[in-house]
Amino acid sequence: MKKLLLAVVLVFYAAILFAQQTTYPVNGSFDTRPGQFAFTNATIVVNSNQTLTNATLLVKGQTIQAVGAGLAVPKGYVIIDAKGKFIYPSLVDAFTGYGLPEAVVQPRGARQSVFVSAKKGAYGWNEAIRPETQVKNIFSVDSKKADDLRKAGFGSVNVINRDGIARGISAAVTLNDGADNNVFLKDQTAANYSFSKGTSSNDYPTSLMGSIALLRQTYYDAQWYGKQKDEYNISLEEFARQQNIPQLFEVDGWANILRADKIGKEFGKQYIIKSTGDEYQRIQEVKATGASLIIPLNFPKAYDVEDPSEARNLTLTQMKAWEMAPANAAALEKAGVKFALTSFGLENTRDFWANIRLAIENGLTEKQALQSITEIPASLLGISDKVGSLEKGKVANFLISSDNLFKKDNIIFENWVQGKRFIINKIDVTDIRGNYNLNIDGVGALTLKITGTSGGSVAAIERIDVDSVKATAALARNGDWVSINFSLKKNPAGNIRLSGFLTAASPLLLKGEAVLPDGTTGRFTAAYKEAAKETQKKEEPKATLAMGPVIYPFGAFGNEVLPKAENVLIKNATVWTNEKEGILQNADVLLENGKIKAVGKNLSAGNARVIDATGKHVTAGIIDEHSHIAGSGGINEGAQSVSAEVRIADIINSEDVNIYRQLAGGVTTSHILHGSANPIGGQSQLIKLRWGKAPEELKFAGADGFIKFALGENVKQSNFGTGARFPVTRMGVEQTFVDEFTRGKEYGKAIAVKGNNVRRDLELDAIVEILKNKRFITCHSYVQSEINMLIHVADSLGFKINTFTHILEGYKIADKMKAHGIAGSTFSDWWAYKNEVAEAIPYNGKIMHNVGITTAFNSDDAEMARHLNQEAGKAVLYGNVPEEEAFKFVTLNPAKMLHIDGQVGSLKAGKDADVVIWSDNPLSIYAKAEKTFVDGAAYWDIEKDALVIKTQQTEKARLIQKMLESKSSGSGTQRAQGVAPRLYNCETLENYSAELNESEHAH
Amino acid sequence: MHTNMKTYLFSLALSASSLMCFAQANISPAKKQSKTIAITGATIHVGNGTVIENGTLLFGNGKIIAVAASGQAPQGDVVSIDAGGKHIYPGFIAATTNLGLTEIEAVKATLDFAEIGDYNSHIRSIVAYNTDSKVPATLRSNGVLMAQPTPQGGIISGSSSVVQLDAWNWEDAALKKDDAMHMSWPTTPRFRGYGRPQVTAEVQAERTQSAINQLTSFFAEAKAYAEMGKPEVINTRFEAMKPVFTGAEKLFIGAESQKDIVNAVNFAKKFGITPVITGADEAYLIIDFLKANNITLVVKQPHALPNNNDDDVNMPYKNAAILANAGLNVVLSIDGYWQQRNLPFMAGTVTAWGLDKEKALATITLNAAKAMGTDKTTGSIEVGKDATFFVSAGDALDMKTNKVEQAFIQGRAINLDNLHKQLDKKFSDKYAAEK
């Protein structure tokens, strides 16, 4: 029986037509109606710039016929008097998954050894590139979700299939229900992208940089596809075909806005970017992208901080983000960034209004808010001609509300979609909010207070003067019928139930029957006395909320204002020049405009600040040849044995606290390397530790590009993986290099001959750069056989090895390295952690140095990098390397092997002012870095650090107080879970996309 | 060197042995001390916080006979060694290490330190301690002469023993068998903050509580068992717990957070035990409690990253100093086995960040011996104790000056050669010959 009823309803829905034609047959008689409605006497908000008072809106069928003041209503229109009401365009959400099944990601490990697409059909090789997906082919109306969105005021949405890196084409639909055919506004709104591979079963890419490389390569492949005849490839054809519509990129976090935008700029695209609402943390960089944004309103909840031992787990970043997220929209508006607001990401769509109001309390203007939920999303999707404002000819999507949309107690009565009426709250319900004199037979005089939404939804009872008993009451309304249920606890004890109706509207009067706890019945009367006070109080504008500053980076040890290069004279120190002058006693170093101006005795200060460094040691900043800090989304793209196309440059993370920690150990320059999961890894990035600057500003300008190679157990996957990826022996490792360089040479030749007609291959581009001596190899290596092998491969294929890194058996083969001019960057004393280091010895550095190899000690470890000076001290312990030479192991020598010894690595006039003041001989365990200058700016200062810690404590204490207040005022909270530091080393493997998915589902 | 003839001969013998370049397999444990030896002129770092300048150390039959500030060598049938300008330190003690229980971390066949199961009180490290490991010789060269090989894993991991690092077999090596029972306080694993936690916080808390309940039952039943004259059925796990309740064996409990530390201490106290707490990251937050309970702490290496993003970046450096300066008995440790050769420099780091140098030395000598219950015979250079010490040309807590020239274990002049020195020599000789 139920089924039958449902079917009847459906048929009925489908059968009401607004004088439109249809291809669908009707089971029964047609029910075609004129659908003409006139809304009169309303305040009509046409768009964010134009509001008409006492105006009329004429709607015919799905379309707005006219909007204006003093319009005559033609005959045949149903007139709806909207006096005192407001009419707004229905909202537009530019980013939803409405009407699509949720992509289900099968939980799986990072490595399944699924190397190419398992999807049937002539598609591309990687399942994460799925531009062939068209929402129009898979969309279906979802009545329940549509109802949710309509209740929040939305009338149309963009529908995105959120699966894959290239996700295909989205479509805009209205939130009308009924047949799928009738709701489309635009079948192709945008081509969509992300960095998450989604449901793809392929191993590649495992990392963020891999996702970036794959997308970049896809652009080139699509360009090439049009010029070739060898291959039929639906994915590439579709990718190329959808380049001229808006391009929409979903990312998480501001850093990924910058990353996405950079790819866009590379290929002449300006993406619209859906982000996660933390743009205030780097507003200038976000603005500079020129991208229009789609921003969510899912603000973090306050944390439970009542238990101090739990609250200790929270980071400053988490706490400040809680405070500042609601001010994000205001910050974007102030910066002049064009943005739409989306309901995407909200736990409940109904939180939309509370959060948008919170954003307004935090400085967002109502005008901008309205634009961001109507006109801007409509224009981003290219549907401004249809929705987003109330103008003749547009789709009849509009809201009728009791008041200004943004007022706290505003009620949305109706949401009309395509000329179809959806009632959210009954429009003709009398507002019964107020204070009443309540008289109940047998109980006596009470006061009744009715407040809440929808013209009254909450009730409270109080007996004044007698015993001041107070009770909250359950209130239910059905049209003019009102029932109220409460307990006074005494006189009488038990529940009193009232059931009555509105007998007069002005002044309000409720009358009806009362049932007392003992079952006796009587009458009650409630006569309106005055407006309920609280309602008025809520309308008062809130005072500007006190808020902490944005700091850079946005977290612990961040600064409001970054350290600047200053002119400094460091006086009377022991100065380790690393130049032919050697170690100078009682000498001075003058820093000016970010450079070393002079090194010597009795220098004149001029306008420089003088630091008395008597008893202290001054050196060049430490350079770490092998580091994995300051990266995002994985440091290994190890799904394939060659990943020369990936670039650490794409994933620099300026917010990594290890930058600050290492400054505290005197490090000024770090070479951020790809991991060692495959023979040919990714391109590395040299950075300076300019703590607080944006990712691009960390990069060491003008430095030569390097690439990570690796040999041995890691690339054979001896200790992890499925064992299915080639190679699994050192023999196979050799052939991986032989094959890649052979192909690289052929590719280079082909390009020289055929130019642009050759498929651009980013992986082989890097190999060609190596062959042309434009990119340099640093190769992770352990045992002598494999080192010898790579030297032979390089000789036979005509490329050079710049550096062997780790190189723990370098001492066994130092003569060969020396003969080939290869540098060695090793650990001071690590061994025994795997089989290939069974004969690693701490004398390795000494022997290589003595043979004449440029020798360095590196970290590969965020902790060890904090005391590389003392690691250098171990060259004295193990082998009596002269102190001056030992210290070069972590300064000048790595500078040489990175080709930056012209700028850094020693104290010499004209070089960068990357300088450390040490409390003691820097090779000593007793030495502390007291000040670390990068480009003349003191990014580390041990005295200032103490102040920073104090400021941080104060700021956290303030935020904790604020969270406690927030909780006591009834706002939701979440458990105080800290964020454990994430560290990478050579062997770190992870699954970027899977983790993204998980973190999303955790919310 | 101003020495008499005997000293000269003796030194010659020593240097000859180090020059001969034995293969690792030929680095034999030294012979028993035959003659009384006097070392003169050295700065003696006693290990208990004091220093004797220009001191003389007299030892015979493996024991220390006299420690004096005279500077004068005793007469008689004594071999005299002039160590003028040099430093004498008690042998460093590597606490809670898997030394000798593993050779290569990534090779499963060499991993002998973590047994299956949660309640492994019957597991004993001493029987797996490998005196032929290549690692101990590399530690001796930096002054580490004793260690506490310790089982890991589970909730109760088993018993450690204290060994000296120059032995033919584990029986020779043992200074004290089954010195301490080791356990880890059940704790809720920390959420990584990225990705989804495998189970909810509530489930995790329940699991932790359930583990604590099981642990409590285990201890209660083991204690009752210990009081039985003759149990009907022998329970090897409970048998192994007996010395823990009598105090013959110490109890080391791993705990990091302040809550876990307090819970662990109170737990042990209920069974009449004063535990040693290992790990102890947040001990600095509950110093009063720890002092009131007379708790010894085995803290982690200072060369570690702060636990939390927001922590003082130098907190791990400062931690031991804060605790020791507050009057707690602090032992420094390092995670791992080959890493133990850096133990002296951990004490150096602690010195740089606030602890008196001699007190820092105590954290890897006398304090460690006290924690393991071997302070009657080891841990300091005092009369009656084992003559287990070394001579360094410079400050042994600093890698820049650590230069171990002679080392004695129970009076035996040990061979300071090791695999690394041999490989160094092998290849240095190759390049020298080719020049």
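Are any residues in the range A:841-853 among the β-branched types (Val, Ile, Thr), part of a loop (DSSP other than H, G, I, E, B) and within 9 Å of chain B (Cβ to nearest Cβ), and if so, which ones?
Let us first name the residues in the range A:841-853 that are among the β-branched types (Val, Ile, Thr), namely A:841, A:847, A:851, A:853.
Retained after the next criterion (residues that are part of a loop (DSSP other than H, G, I, E, B)): A:841, A:853.
A:Ile841 - this is the single residue of the range A:841-853 that is among the β-branched types (Val, Ile, Thr), part of a loop (DSSP other than H, G, I, E, B) and within 9 Å of chain B (Cβ to nearest Cβ).
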Next on the checklist: Let me confirm something: among A:Leu297, A:Leu314, which residue is within 14 Å of chain B (Cβ to nearest Cβ) and buried (at least 20 other Cβ atoms within 10 Å of the Cβ)?
Outcome noted: A:Leu314
Item to check | Qualifying residues in the range A:761-812 (those that are of a type in the set (Gly, Ala, Ser) and away from chain B (no Cβ under 14 Å)) - the one surrounded by the most Cβ atoms within 10 Å (Cβ to Cβ) | outcome: A:Ser781
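Let's see how each residue does on (1) of a type outside the set (Ser, Thr, Tyr); (2) surrounded by 24 or more Cβ atoms within 10 Å (Cβ to Cβ); (3) over 26 Å from A:Leu248 (Cα atoms):
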| site | (1), (2), (3) |
| --- | --- |
| A:Leu364 | yes, yes, no |
| A:Glu375 | yes, no, no |
| A:Asn397 | yes, yes, no |
| A:Phe406 | yes, no, yes |
Checklist entry - Does B:Ile261 satisfy the condition of being in the same structural domain as B:Asn329 (by TED's automatic domain parsing), closer than 20 Å to B:Asp335 by Cβ, at pLDDT 95 or above and of a type outside the set (Ser, Thr, Tyr)? => result yes
Checklist entry - Does A:Asp829 qualify as being touching a Lys or Arg at 6+ places or on another chain (Cβ under 9 Å) and in contact (Cβ under 8 Å) with a residue 24 or more places away in the chain? => result yes
Item to check | Total residues in the range A:813-840, condition surrounded by 23 or more Cβ atoms within 10 Å (Cβ to Cβ), within 8 Å of chain B (Cβ to nearest Cβ) and among the charged types (D, E, K, R) | outcome: 1
Next on the checklist: What pairs come out if I take residues in the range B:206-226 that are more than 16 Å from B:Gly154 (Cβ to Cβ) and pair them with residues that are aliphatic (A, V, I, L, M) whose C-beta lies under 8 Å away, six or more apart or interchain?
Outcome noted: B:Lys223/B:Met241; B:Tyr225/B:Met241; B:Ala226/B:Met241
Checklist entry - If B:Lys400 passes every condition in (1) closer than 28 Å to A:Asp920 by Cβ; (2) free of Cβ contacts under 8 Å to residues at least 24 places away in the same chain; (3) surrounded by fewer than 20 Cβ atoms within 10 Å (Cβ to Cβ) but one, which one does it miss? => result (3)
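Given the criterion touching a Ser or Thr at 6+ places or on another chain (Cβ under 6 Å), in contact (Cβ under 8 Å) with a residue 24 or more places away in the chain and of a type in the set (Gly, Ala, Ser), identify the matching residue among A:Ala823, A:Ala872, A:Ala862, A:Ala840. Break it down stepwise before answering.
On the way: A:Ala872 fails: touching a Ser or Thr at 6+ places or on another chain (Cβ under 6 Å); A:Ala862 fails: touching a Ser or Thr at 6+ places or on another chain (Cβ under 6 Å); A:Ala840 fails: touching a Ser or Thr at 6+ places or on another chain (Cβ under 6 Å).
Step by step, each of A:Ala823, A:Ala872, A:Ala862, A:Ala840 is checked, and only A:Ala823 is touching a Ser or Thr at 6+ places or on another chain (Cβ under 6 Å), in contact (Cβ under 8 Å) with a residue 24 or more places away in the chain and of a type in the set (Gly, Ala, Ser).
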Checklist entry - Just one of A:Ala639, A:Ala598, A:Ala605 is more than 24 Å from A:Gln284 (Cβ to Cβ) and crowded, with 23+ Cβ neighbours inside 10 Å; which is it? => result A:Ala639
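Can you give me the ranges of the strands (runs of 3 or more DSSP E) entirely in the range B:120-225 with at least 3 residues that are among the hydroxyl-bearing types (Ser, Thr, Tyr)?
Working: elements: B:144-149, B:156-164, B:174-184.
Per the criteria, B:156-164.
Name the one entry in A:Lys197, A:Lys229 that is charged (D, E, K, R), touching a Gly at 6+ places or on another chain (Cβ under 8 Å) and either farther than 11 Å from A:Ile165 by Cβ or modelled with pLDDT under 95 (or both). First the steps, then the outcome.
Values: A:Lys229 fails: touching a Gly at 6+ places or on another chain (Cβ under 8 Å).
Matching residue, one of A:Lys197, A:Lys229: A:Lys197.
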Checklist entry - Can you list the helices (runs of 4 or more DSSP H) found entirely within the range A:690-787 that contain at least 2 residues being of a type outside the set (Asp, Glu) and under 28 Å from A:Gln223 (Cβ atoms)? => result A:730-754, A:762-771
Next on the checklist: Among the listed residues A:Ala840, A:Ala872, A:Ala832, A:Ala856, identify the single one that is touching a Phe, Trp or Tyr at 6+ places or on another chain (Cβ under 6 Å) and on the phi > 0 side of the Ramachandran plot.
Outcome noted: A:Ala832
Item to check | Residues that are under 16 Å from A:Leu892 (Cβ atoms) and not polar (S, T, N, Q), drawn from the range A:607-621 | outcome: A:His617, A:Val618, A:Ala620, A:Gly621
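Given the options B:Val127, B:Val78, B:Val144, name the one that is farther than 30 Å from B:Ile334 by Cα and in contact (Cβ under 8 Å) with a residue 40 or more places away in the chain. Can you show your working first?
Values: B:Val127 fails: farther than 30 Å from B:Ile334 by Cα; B:Val144 fails: farther than 30 Å from B:Ile334 by Cα.
On inspection, the qualifying residue turns out to be B:Val78.
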Checklist entry - Under 6 Å by Cβ, and 6 or more places apart or on different chains, what pairs join a residue from the range B:303-317 that is more than 7 Å from chain A (Cβ to nearest Cβ) with one that is charged (D, E, K, R) and in a loop (DSSP other than H, G, I, E, B)? => result B:Asn307/B:Asp281
Checklist entry - Restricting attention to the range B:341-356, does a residue exist that is under 30 Å from B:Ser159 (Cβ atoms), more than 12 Å from chain A (Cβ to nearest Cβ), touching a strand residue (DSSP E or B) at 6+ places or on another chain (Cβ under 8 Å) and of a type in the set (Lys, Arg)? => result no
Next on the checklist: Tell me whether the range A:61-70 contains one or more residues that are among the small types (Gly, Ala, Ser), outside the structural domain of A:Glu231 (by TED's automatic domain parsing) and farther than 28 Å from A:Phe422 by Cβ.
Outcome noted: yes
Checklist outcome for this item: Of the residues in the range A:32-46, those that are surrounded by fewer than 20 Cβ atoms within 10 Å (Cβ to Cβ) and either among the aliphatic types (A, V, I, L, M) or under 45 Å from the mean Cα position of the chain (by Cα) (or both) number 2
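Output the residue which, of all residues in the range B:403-415 that are part of a loop (DSSP other than H, G, I, E, B) and surrounded by fewer than 22 Cβ atoms within 10 Å (Cβ to Cβ), is nearest to the other protein chains (Cβ to nearest Cβ). Write out each step before concluding.
Looking only at the range B:403-415, we keep the residues that are part of a loop (DSSP other than H, G, I, E, B), and these are B:403, B:410-411, B:414-415.
Subsequent filtering for residues that are surrounded by fewer than 22 Cβ atoms within 10 Å (Cβ to Cβ) retains B:403, B:415.
Details: B:Lys403: 8, B:Asn415: 18 Å.
Checked the range B:403-415; the qualifying residue nearest to the other protein chains (Cβ to nearest Cβ) is B:Lys403.
For the range A:854-880, name all the residues that are part of a loop (DSSP other than H, G, I, E, B) and within 11 Å of chain B (Cβ to nearest Cβ). Let's see the steps before the verdict.
Quick first cut of the range A:854-880, residues part of a loop (DSSP other than H, G, I, E, B) only: A:854, A:858-863, A:878-880.
A:Asp861, A:Ala862, A:Glu863, A:Tyr878, A:Gly879, A:Asn880, listed by residue number.
The values are calculated or read from the model by the stated rules, or taken from the named source; none is laboratory data. Just so you know, these numbers come straight off a predicted model, no measurement behind them. Because the Cβ atoms are built from the backbone with ideal geometry, glycine has one as well, and the counts that use them run over all protein chains shown.
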